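Derivation of every value follows stated rules applied to the coordinates shown; laboratory data play no part. All figures in this text were calculated on a predicted structure; none of them were measured in a lab. Positions of Cβ are generated from backbone atoms using ideal geometry, with glycine treated the same way; all protein chains shown enter the neighbour counts.
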């Protein structure tokens, strides 16, 4: 039975049932994706991290062979390592948690609604002011005659 890669490591049959796709179709998609050279494949953050973990304990010859088999250059691994190290070195406050992001979005929507309400109220007040001046001008004209 074929299994997908970690972290899920689910069987193809389970995934096929979950998404309503045939197991044969999933197997074909998987083999097509794995047959493409690494540079044509998109490397997600998770897959880059897994590549770094896999190659961390390898010597240069093994690492070069692994990179060649996955369509990568050793320099790409080094760039990914530096990027990961740099990201981890940044203060924790620089990264907003999903909960903080969601709260910020809610706050932004609330402020936008409030701003829209105040804009409408201001436009209504301006219109009433113009109308009151016109009414006053009409009645003052009638008194002057």
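Fewest to most neighbouring Cβ within 10 Å: what's the order for 19, 49?
19, 49
Suppose R0 equals 35 Å; then what is the FRET efficiency for residue 32 and residue 105 from their Cβ-Cβ distance, rounded to the nearest 0.05?
So the FRET efficiency works out to roughly 0.40.
Determine, from the Cβ-Cβ distance of residue 13 and residue 65 and an R0 of 35 Å, the FRET efficiency 1/(1 + (r/R0)^6), rounded to the nearest 0.05.
E between residue 13 and residue 65, to the nearest 0.05, is 0.60.
As an exercise, take the mean of 1/r over every pair of distinct alpha carbons in segment 62-122, invert it, and state the Kirkwood radius in angstroms.
15.8 Å
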